[in-house]
Amino acid sequence: MSRDAAVRKPSLVFDRGAEWEGLAAFVRRPLAHAMLGIVSGRRRMGKTYLLRALVEQCGGFYFGATAGTETESLRQFSSALAEHAGSPVPFSFATWDDAMSYLFGLAAPGKRAEPLLVVIDEFPYLAKVSPELPSLIQREIDRCQVEESRMRMLLCGSATSVMGGLLASTAPLRGRAQLELVVRPFGYRAAADFWGVGDEPALAARLHAVLGGTPAYRRQFLADDVPAGLDDFDDWICRTVLSPFSPLFREARYLLAEETDIRDTALYHSVLAAVAQGNTTRGGIAGYIGRKSVDISHPLNVLEDSHLLRREADAFRPGKSQYRSTEPLINFYEAVMRPAWAQLESGQAAEVWAQSAERFAAQVAGPHFETVCREYVLGSGWSLLGTALGQIGSGVVTDPKARRQIQVDVAVVEPGSGGTRPSVSLLGEAKWGTVMGLNHLERLGRAREILAGRGMDTTRCGLACFSAAGFSDALRAEAERGDVLLIGLDELYGRAQPKPLLF
């Protein structure tokens, strides 16, 4: 592969344009020294598929580690490397030290003029049984900063805490990586296209609320069993996610068990169940599971590090924050499946689902819809605001006059700097199953008045109503006259374009 040649993304790799470009740039960068990259992300995200495609396009050596003893792992690596090198007999390295020395020797400038791409997948399996391996790679990387080398090494793994630790603090590889890529789930629009339901926003929104943007669920888990339409969604749920014969039935449990730092899974399930039930503050979670707030610090930190929970600061109350689930399937499991597990195991999926409509709307679809609305503003909806700065989040505005709290689901706040006051560009409310009317707009308007009274600049603050169920005629008429955005499912999924805010 020429250094200047473009590395084209195969058509079989769906989306992932930014990730592919980052990997391709890493491989073809014209540097005469060794380079290291770290690729991580939870399982089922398509990391292996992406990296195998990269090796096929660029050439190079791919090794997928498995759980095993140090001796067996070294034997497997040696055999794979011998095959790559074209050796008629397997290599027999006595130690990982010998193996790494030989591997980096293949990238010496005297042996090749082009970069050598080396991918070691599921690296945590190797590091667990051979903890010296990161130090050996560090030694070779450091040596190849003095000597010329064509090495382009990518270490990949699904154990997020282990992969994150490779570059942390005093870890041997700290400061050695030129690429750190986290492969995340598809965004809600890309997921709709991946499932082939982009033309049906109501179906796409429900599907994403249950399975999120995990690519493996469609083909590897469900063999392309896609809902035929919105009318088929209930039957699809019963025959897939809620069926004890489906691989997705126990997937939420496996996702939690796969994290190496999680040992007391019952405690962690209780924490996630608390969040699914709407207890999103530290105190609320502790109260739900019957623990003191200080006692749940470690579980919360582990779930954050594992990308299963996300802590979001309140946009209007410094020091306050809420926890939100980042994995829709786990949230669906905790809210709908876990409370009725015995019934589901006995094959009563249709009965359980029929009784779960309210819980699904309130605990799954509703909170997820709020997250999607914030994602929309962060992405394609940003152009509607007429501003280039701002932090997107949510928060609570306390109304002392009415003695109530106003929940703002979507907020764009620009922090002040120097002599500039902090300002608010957008206040929004999101409703999954409610037709929104003037009362929702009035509540947002009152929040804007309160924030202005606190000294925040609200002169260019628009109001937004997000609804999956629609808007009243009175609200639509008001939106035509004022600084109001109405965003429904068609706008969220790009099938309609809302008017930008005008001031």
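The values are calculated or read from the model by the stated rules, or taken from the named source; none is laboratory data. The structure displayed is predicted, hence computed values, not measured ones. Ideal geometry is used to build each Cβ from the backbone, glycine not excepted, and the neighbour counts take in all protein chains shown.
Put simply, of 191, 159 the only residue that is touching a residue at least 60 places away in the same chain (Cβ under 8 Å), hydrophobic (A, V, I, L, M, F, W, C) and surrounded by 19 or more Cβ atoms within 10 Å (Cβ to Cβ) is 159. If the condition is being among the small types (Gly, Ala, Ser), under 22 Å from the mean Cα position of the chain (by Cα) and part of a loop (DSSP other than H, G, I, E, B), then segment 43-78 contributes only 46.
Residue count for segment 10-42 under the criterion of being surrounded by fewer than 19 Cβ atoms within 10 Å (Cβ to Cβ), assigned to a loop (DSSP other than H, G, I, E, B) and either aliphatic (A, V, I, L, M) or within 17 Å of the chain's Cα centre (by Cα) (or both): the result is 6. Close Cβ contacts (under 8 Å, 6 or more residues apart or on different chains) running from residues in segment 334-354 that are modelled with pLDDT of 95 or more to residues that are of a type in the set (Ser, Thr, Tyr) comprise 336/356; 340/356; 349/243. Restricting 412, 377 to those that are aliphatic (A, V, I, L, M), under 19 Å from residue 486 (Cβ atoms) and in a helix (DSSP H, G or I) reduces the list to 377. Scanning segment 212-228 for residues that are under 20 Å from residue 47 (Cα atoms) and in a loop (DSSP other than H, G, I, E, B) gives 212, 213, 214, 215, 222, 223, 224. Apart from one condition, residue 9 fits all of (1) on the phi > 0 side of the Ramachandran plot; (2) touching a Phe, Trp or Tyr at 6+ places or on another chain (Cβ under 6 Å); the exception is (1). Taken over segment 277-291, the criterion of being assigned to a helix (DSSP H, G or I) and surrounded by fewer than 16 Cβ atoms within 10 Å (Cβ to Cβ) is satisfied by 283, 287. Of 467, 417, all but one fail to be of a type in the set (S, T, N, Q) and surrounded by 22 or more Cβ atoms within 10 Å (Cβ to Cβ); the exception is 467.
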